[in-house]
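Enquirer: Got a structure for you, questions after.
Derivation of every value follows stated rules applied to the coordinates shown; laboratory data play no part. Keep in mind the model is a prediction, meaning the values are calculated, not measured. Ideal geometry is used to build each Cβ from the backbone, glycine not excepted, and the neighbour counts take in all protein chains shown.
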Amino acid sequence: MRKLIFAIFLPVLAISASNAQVKQVTIIDDLKTPETGKGVIEVESDPNITALLGIPFTDVSVGETSYRKANGYRIQVFMSNNASTARSEATQKGNRIRDIFPETATYITFEAPNWKLLAGDFTSREEAVQFRQELRKAFPEFGREMNIVSDKINIPVK
């Protein structure tokens, strides 16, 4: 019998058809469930990792809106280490983006020694690529600086 050894961090939700309740099943439990005609999977994982499975996401509230933090992508529109002008230039470019794309969030960050302007909260790289093309059409002067970066994004909770 083969052994499959790995750590999984994401929970899997299963809906019970008989009583239509949401029942939490970890991916490890799901993998261990035998299926007719298929092999048996045995999972060995650190108990500390297994204990993390099923812990709900932490929501963050800003004003009246709640967000869930997740891994995703943003467009890095601007980055500079010029201490005298970088912050104001990032703010100015962020305002221009919000004027044309009001539904798009912009984020100004400082990671020594750089000021950065990031735009958007995208769950897939394809979404980020598509929006970067729209930004390049609207702001051709920003074009060369725009890069897609991995970041923690805010997903609105409804």
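Enquirer: So how do Ile41, Ile100 line up by other beta-carbon neighbours within 10 Å, fewest first?
Expert: Going from least to most buried by this count: Ile100, Ile41.
Enquirer: Mind ranking 68-77, 31-40 by how tightly packed they are, going by the mean number of other C-beta atoms within 10 angstrom, highest first?
Expert: Descending packing order for the listed peptides: 68-77, 31-40.
Enquirer: Where the convex hull is taken over the Cα atoms of segment 47-158, what is its projected area averaged over directions, in nm²?
Expert: Averaged projected hull area, Cα only: 9.1 nm².
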